[in-house]
1. Which are the unpartnered cysteines of the chain, meaning those with no other cysteine Cβ under 4.7 Å from their Cβ?
2. Counting other beta carbons within 10 Å of each Cβ, put 73, 53 in order, fewest first.
3. Fewest to most neighbouring Cβ within 10 Å: what's the order for 82, 69?
4. Arrange 95, 66 by Cβ neighbour counts within 10 Å, fewest through most, would you?
5. Angle between the Cα long axis of helix 90-122 and the longest principal axis of the chain, 0 to 90 degrees, nearest 10?
6. For the range 1-62, restrict the atom set to alpha-carbon positions and state the Rg and Dmax in Å.
7. Enter the angle in degrees (range 0 to 90, nearest 10) between the Cα long axis of helix 29-43 and the first principal axis of the Cα atoms of the chain, meaning the one along which they spread out most.
8. Cα axis of helix 48-57 to longest principal axis of the chain: angle in degrees, 0 to 90, nearest 10?
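Here, each number is a calculation from the coordinates, and none is a lab measurement. In this text, all values refer to a predicted model and were calculated from it rather than measured experimentally. Every residue, glycine as well, gets a Cβ built from its backbone with ideal geometry; the counts of neighbours run over all protein chains shown.
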Amino acid sequence: MTKLELSALQYVSQGLTYAEIGQRTGYSQVSVQKAVIRVLRKLNARNRAHAVFLACQAGILNPKHRHGDHAGFIAHQRRGEDPWECRLGCPEGERAYRRERRAARRKADEAWRGAVANLTEAS
Ligand SMILES: [Zn+2]
């Protein structure tokens, strides 16, 4: 299976439309549609739901391996893969996660400094 076929299948399993898959993979909607049809043929599947089922059974799709968020990013590392090379949104998801963590840390720091300042003023 090609990279696009695998990505398309993964996104189909997440309920995305061809247009949405095209946006995320950088391919046209028609290319995505053709890729999915090739996947159906390769898996001997009757439709997309059947393809997802067969792919899970065959271990092609790991339902536990999510992409696009921090958990997916860490899952790549556990498998010895480079998560920054993931084309299914893991780098973007990880960057957003780190941004949020940084903002939360900064907020906590500021709150702590504010509390210290209040104490100093009071004494
Ligand atoms: Zn990923």
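1. Singleton cysteines: 56.
2. 53, 73
3. On the way: 82 10, 69 16.
So the residues, fewest neighbours to most, are 82, 69.
4. Listed from fewest to most nearby Cβ atoms, that is 95, 66.
5. 10 degrees
6. 10.3, 29
7. Rounded to the nearest ten degrees, it is 60.
8. 80 degrees
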